[in-house]
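Worksheet: one structure, shown below.
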Amino acid sequence: MGLFTRSKPRVRMHRKPTWRERRAAERTAQAEARLRETEKKIHEIAGEVRADLHRSA
């Protein structure tokens, strides 16, 4: 008969992210941007060092 059986929860595919989820996504995006800038600087410095070594050799 099923009077007391629980209905299965419906999966909501398009829910609005919570305030905490939005803040976490923002922090993640900022950290990734800083990481990209740092990696860019590292590659620039490495290129300068390689050029200096090539000139001195």
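Every number in this text was worked out from the coordinates using simple rules, so none of it is lab data. Bear in mind the structure is a predicted one, so any value in this text is a computation, not a measurement.
Leaving out same-chain residues fewer than 8 places away, which aspartates and glutamates sit with a Cα under 17 Å from that of Lys41?
Excluding near neighbours in sequence, the set is Glu32, Asp52.
Extension gain Ala29-Asp52, at 0.36 nm per residue separation less the Cα-Cα distance, in nm? If you can, show how the numbers build up before the last one.
On the way: separation 23, 0.36 × 23 = 8.28 nm, distance 3.49 nm.
Contour length minus Cα-Cα distance gives 4.8 nm.
Please build a GNM for the chain, connecting alpha carbons under 10 Å apart, and tell me which residue among Arg23, Arg34, Arg15 fluctuates the most.
Taking springs between Cα atoms under 10 Å, the residue moving most is Arg15.
Check the straight Cα-Cα distances from Lys16 and name the lysines below 22 Å, setting aside those fewer than 8 residues away within the same chain.
Hits, sequence-local ones excluded: Lys8.
For the chain, what size does the Cα cloud have along each of its three principal axes, sorted from largest down, in whole Å?
Rounded to whole Å, the extents work out to 88, 23, 14 Å.
Between the helical axis of 19-56 and the dominant principal axis of the chain, each derived from Cα atoms, what acute angle in degrees is found, rounded to the nearest 10?
Orientation of helix 19-56: about 20 degrees from the principal axis.
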